[in-house]
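Written out below as structure tokens is the structure these notes cover.
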Amino acid sequence: MVNPVFVLHDHRKPTPHFDLRLEQDGVLRSWAVPKGMPTDVRHDRLAVAVGDHDMDHAGYTDEHKSIADHGWWDLIDSTDRRMVFELHGERGVVRYALINTGRDWLLHLTKDQPVVNDPYAEVMDLITFDAPGGTVEAHVATPPAGSGPGVLLFMDAIGLRPELITMAERIASWGYVVLTPNLFYRDGTAEELMPKGDLRQPGERESFFEGIGPRMGNLTTDKSTADTAVYHQTLLGLEAVVGDRVGTVGYCMGARLVTRYAGTFPDNVVAAAGFHGGGLVTDQPDSPHLSVATARAEFVYGHADNDGSMPPEAVQTLGAALDAAGLTAKNEVYPDAPHGYSMADTSMYQEAGAERSFTELEALFARTLR
């Protein structure tokens, strides 16, 4: 028996909200959830019943709608006024109740939650491989055709989590095999390190970042360089990867690693992109921007606006280094885009900047990897 599917859409028009859709009787029953799924048993969320959708809507996305979570669901108990169910999605298994108030519905996070061993690794289908500091978990996204050129995705400081997987799957849909490793593997598994709260809620992102500093400090240039060599060989060794010309993209701290990666493997890396990167230019001898001198890739950088970690003078210095190396490059600041603009699971998300980054990235890979 095939389990019924569910999808949680992040819908940006006409106003930002989420759509919960559960397969039942051959259609997707749907509720609009203005403030997103509840994260606390004490605070229910309004859920407005809307019209049923056809099953093909389970995988539907467009410029205003993305998939925040998906998987299958299980009905635990049901009455005329209350439906208890479990979502088996990218974050594991979560139990909710939909309560009919007579006018609308309330979505409730139940107090009794199922116990699942390592749901993140199981649901996300992570692979593992050895690296200098231990065992690395990574996600592999494959294109509809089953094979294609390789792309190495360097995560932001928040870590390997469902949002990164969603982004990797979007890139894979263009025809590429995308490897996304847990760069902080020395500090814990992806499940152990990923945020447990909703980073879109006031104060949650700031609270989470209070514990990130030691992880970033632990990932020194020497360690990350050794790790990147392993990621590179792992990417090329994937059965689905075609050829040895690869692309790479990185976010936040990942933009620094992208830059070094392109300079370390110039014969393979033909396309490199970094979005809302920080610390790309420093006064240290291992400053990332110095790596472009040995690179041959085409670069695209999309910087956040008024970013203290990448001020205008740093953007200019990076541009000068790209010009001195004779590289084809875009080195642009995205107007009004905050640091972290591409991450839809945080309060810093900006749709205009995020969509621009995807447009630029898709065009870059089409020019260089096809």
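The values are calculated or read from the model by the stated rules, or taken from the named source; none is laboratory data. Quick caveat: nothing in here was measured; it's all calculated off a predicted structure. Every residue, glycine among them, receives a Cβ derived from its backbone with ideal geometry; neighbour counts consider all protein chains shown. Side chains are part of the model used for accessible areas, which takes the heavy atoms of the whole protein and leaves out ligands, DNA and RNA. Shrake-Rupley method; radii C 1.70, N 1.55, O 1.52, S 1.80 Å.
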If you go through 254, 302, the only one that is at pLDDT 95 or above, within 21 Å of the chain's Cα centre (by Cα) and under 17 Å from residue 226 (Cα atoms) is 254
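Condition first: aliphatic (A, V, I, L, M), in contact with an Asp or Glu (Cβ under 8 Å, 6 or more places away or on another chain) and either under 19 Å from residue 113 (Cα atoms) or at pLDDT 95 or above (or both). Can you find one or more residues in segment 64-77 that meet it?
yes
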Flagged in segment 330-370 as more than 27 Å from residue 15 (Cβ to Cβ) and assigned to a loop (DSSP other than H, G, I, E, B), in numbering order, are 370
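Tell me whether segment 274-286 contains one or more residues that are surrounded by fewer than 15 Cβ atoms within 10 Å (Cβ to Cβ) and touching a residue at least 60 places away in the same chain (Cβ under 8 Å).
Yes, some residue in segment 274-286 is surrounded by fewer than 15 Cβ atoms within 10 Å (Cβ to Cβ) and touching a residue at least 60 places away in the same chain (Cβ under 8 Å).
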Of the listed residues (172, 190), the one being closer than 30 Å to residue 293 by Cα and modelled with pLDDT under 95 is 172
Over segment 19-49, the set of residues touching a residue at least 40 places away in the same chain (Cβ under 8 Å), hydrophobic (A, V, I, L, M, F, W, C), open to solvent by 20 Å² or more (accessible area, probe 1.4 Å) and in contact with a strand residue (DSSP E or B) (Cβ under 6 Å, 6 or more places away or on another chain) is 41, 48, 49
task = Determine whether residue 326 is among the small types (Gly, Ala, Ser) and without any contact (Cβ under 8 Å) to a residue 12 or more places away in the chain.
result = yes
When restricted to 160, 164, 152, the only residue at pLDDT 90 or above and touching a Phe, Trp or Tyr at 6+ places or on another chain (Cβ under 7 Å) is 152
Taking segment 50-79 and keeping residues assigned to a loop (DSSP other than H, G, I, E, B) and either surrounded by 15 or more Cβ atoms within 10 Å (Cβ to Cβ) or within 26 Å of the chain's Cα centre (by Cα) (or both) leaves 60, 61, 63, 64
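Yes/no per residue for (1) in contact with a Gly (Cβ under 6 Å, 6 or more places away or on another chain); (2) closer than 25 Å to residue 343 by Cβ; (3) not in a helix (DSSP H, G or I):
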site: 235; (1), (2), (3): yes, yes, no
site: 250; (1), (2), (3): yes, yes, yes
site: 255; (1), (2), (3): yes, yes, no
site: 261; (1), (2), (3): no, yes, no
site: 266; (1), (2), (3): no, no, yes
site: 272; (1), (2), (3): no, yes, yes
site: 277; (1), (2), (3): no, yes, yes
site: 280; (1), (2), (3): no, yes, yes
site: 291; (1), (2), (3): yes, yes, no
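Yes/no per residue for (1) crowded, with 21+ Cβ neighbours inside 10 Å; (2) assigned to a loop (DSSP other than H, G, I, E, B):
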site: 114; (1), (2): no, yes
site: 145; (1), (2): no, yes
site: 169; (1), (2): no, no
site: 175; (1), (2): no, yes
site: 180; (1), (2): yes, no
site: 195; (1), (2): no, yes
site: 202; (1), (2): no, yes
Are any of the residues in segment 116-138 open to solvent by less than 60 Å² (accessible area, probe 1.4 Å), among the acidic types (Asp, Glu), at pLDDT below 90 and assigned to a loop (DSSP other than H, G, I, E, B)?
-> no
Restricting attention to segment 340-358, the residues that are open to solvent by 40 Å² or more (accessible area, probe 1.4 Å) and modelled with pLDDT of 95 or more number exactly 1
Just to be sure before I move on: is residue 243 modelled with pLDDT of 95 or more and in a strand (DSSP E or B) in the structure I sent? no
